[in-house]
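Q: Quick one: structure below, then a few questions.
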Amino acid sequence: MSGRVVPVLFLSFCLMVGSVQSQGSSQDAFIIQYLERRLAQVEERLNQCEQNTVSVTQKTYDLSSEIRGYMSTLSVVRSEVKSQVDSVSVRVDRMERELEYLENKIPTQSNIEMEEALLEQQIKALELDQLKKKAKLKVENDCSTSLTQIKSLKIVKRAGDTYGSWFKDPSERSAKVYLLSGIRNNTLLEYVSLQSFTERITTTPAKEIQLPFYWQGTGHVVYNGFLYYHKADTPNQILKVELLNGTVVDSTLLPGAGRLPVYSLNPNTYMDLAVDELGLWVIHADPEYSGNLVITKLDKGTLAVEYTWDTQCRSRDAEGAFLICGTLYVVYNTRYGGRSTIQCLYDIHDTIHSDGSPVMFFPKRYTSHSSIHYHPGDKQLYAWDDGYQTIYKVETGRNDQVVAE
């Protein structure tokens, strides 16, 4: 009996131990699974933390680079500001010295009054001198003749460009003819006579003169062997060139000229030089005088301004102008071309006026002029008419004999 009890007890003990071991292994598996889940979560958080760390590191690097750029710019700006401050400091010091110098040099009130009185006297003396020059110009060169009629038209030749100018030297005993083709060039053609110019085949071909500078527009003249013209690429510089050797002998800047074309129908000409019985003139438009024409008398030798007259003749719709005995005659047309007319004149002697003068018509030829030059010896107008070289014969009379055509 006791022999069977022992195995039974042993079997029961084994079963109990197996049950305990079975319960222990289940708990261990649960604990292991729990620890694995926690480790996975920790690992995931560590990866996220690493990613965040990398992102923060990159942002920190970018921010550091941006700050370094700002610091570099700030350093440059600081240097510039320091330089400007130093410059201002130097200027302030200089101004203080100049103010100190001026304080020591400021005259007394009595000296200022004396200087103002002296300045007024000088201004009055200058105005009186100008009036004397004007009176002298009127008296010594008393021209009593004026234009009465544009009598006839003669087409001499067709040469050169659509725009240009041609004329004779109005000097006494000079028969030479000059042609300047185009509104910008530096080659002048010189013919020994009008006959030589008109001949197709001549034994004396034209002499080509290369000018030292290009011309602008069509307002040129030759006077006593010198060419006077507007230098290209300058607003108001007039050159005087000796034609024997092609060198510039003098130049001047004409005050107030060069801001507007002289004539609205010839927009490339800003100064129009002219010669009459009184000498050398310049015609130009003044924007401060409603765009009206202004005439200036020049000394042909020194190019000094002798006197300037403001006229009431408008530049709008004008195509050209010329002077006879100190009287400006302005030629008008339409931008489509038509019969040219003289509708405005200005007399420096104040003896004839536009209001009392009839409109004068050119002979019928419905084109337009790019230049018109009066020859006081021939009593003729040398005009460039749409590429044709044209001569108009004019009649003159006393100032009280102006009649219509």
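The values are calculated or read from the model by the stated rules, or taken from the named source; none is laboratory data. These numbers were taken from a predicted model, which means no experiment stands behind them. Please note: Cβ atoms are built from the backbone with ideal geometry, for glycine as well, and neighbour counts cover all protein chains shown.
Q: Please specify each residue of the stretch 266-275 satisfying the condition of being surrounded by 19 or more Cβ atoms within 10 Å (Cβ to Cβ) and either at pLDDT below 95 or within 20 Å of the chain's Cα centre (by Cα) (or both). Even if it seems obvious, please write down each step before you answer.
A: Step one: of the stretch 266-275, the residues surrounded by 19 or more Cβ atoms within 10 Å (Cβ to Cβ) are 266, 269-275.
Hits for the stretch 266-275 are ASN266, THR269, TYR270, MET271, ASP272.
Q: If you don't mind, there's one more thing I want to ask. Can you give me the ranges of the strands (runs of 3 or more DSSP E) entirely in the stretch 282-325 with at least 3 residues that are over 30 Å from GLY225 (Cβ atoms)?
A: Working: elements: 292-298, 305-314, 318-324.
Hits in the stretch 282-325: 305-314.
Q: Further question on the same structure: List pairs: first residue in the stretch 227-240 and farther than 13 Å from ARG259 by Cα, second residue among the small types (Gly, Ala, Ser) and in a strand (DSSP E or B) anywhere in the structure, Cβ distance under 8 angstrom, at least six positions apart or on different chains.
A: Between residues of the stretch 227-240 that are farther than 13 Å from ARG259 by Cα and residues that are among the small types (Gly, Ala, Ser) and in a strand (DSSP E or B), the close pairs are LYS231/SER251; ILE238/SER251; LEU239/SER251; LYS240/SER251.
Residue by residue, here is whether (1) among the aliphatic types (A, V, I, L, M); (2) surrounded by 15 or more Cβ atoms within 10 Å (Cβ to Cβ); (3) in contact with a strand residue (DSSP E or B) (Cβ under 7 Å, 6 or more places away or on another chain); (4) more than 30 Å from LEU260 (Cβ to Cβ) holds:
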| position | (1), (2), (3), (4) |
| --- | --- |
| TYR163 | no, yes, yes, no |
| PHE167 | no, yes, yes, no |
| GLU172 | no, no, no, yes |
| TYR178 | no, yes, yes, no |
| GLY182 | no, yes, yes, no |
| GLU190 | no, yes, yes, yes |
| ARG200 | no, no, no, yes |
| GLN210 | no, no, yes, yes |
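Q: Look at THR396 and say whether it is crowded, with 22+ Cβ neighbours inside 10 Å, on the phi < 0 side of the Ramachandran plot and either out of contact with any Asp or Glu (no Cβ under 7 Å at 6 or more places or on another chain) or in a loop (DSSP other than H, G, I, E, B) (or both). Before the answer, list the steps.
A: Working: crowded, with 22+ Cβ neighbours inside 10 Å: no; on the phi < 0 side of the Ramachandran plot: yes; either out of contact with any Asp or Glu (no Cβ under 7 Å at 6 or more places or on another chain) or in a loop (DSSP other than H, G, I, E, B) (or both): yes.
No: the conditions fail for THR396.
Q: Looking only at the stretch 373-389, which residues are out of contact with any Ser or Thr (no Cβ under 8 Å at 6 or more places or on another chain) and of a type in the set (Asp, Glu)?
A: Residue satisfying the conditions is ASP378 alone.
Q: Going residue by residue through the stretch 126-136, is there one that turns out to be at pLDDT below 90 and either in contact with a His (Cβ under 9 Å, 6 or more places away or on another chain) or crowded, with 18+ Cβ neighbours inside 10 Å (or both)? Break it down into steps so the answer makes sense when it comes.
A: Our first condition is that a residue be at pLDDT below 90; within the stretch 126-136, this holds for 126-136.
If we keep only those that are either in contact with a His (Cβ under 9 Å, 6 or more places away or on another chain) or crowded, with 18+ Cβ neighbours inside 10 Å (or both) too, we end up with none.
No, the stretch 126-136 has no match at all.
Q: Run VAL221 past the list (1) farther than 22 Å from TRP281 by Cα; (2) of a type in the set (Val, Ile, Thr); (3) touching a Phe, Trp or Tyr at 6+ places or on another chain (Cβ under 6 Å) and report the number of the one that doesn't hold.
A: (1)
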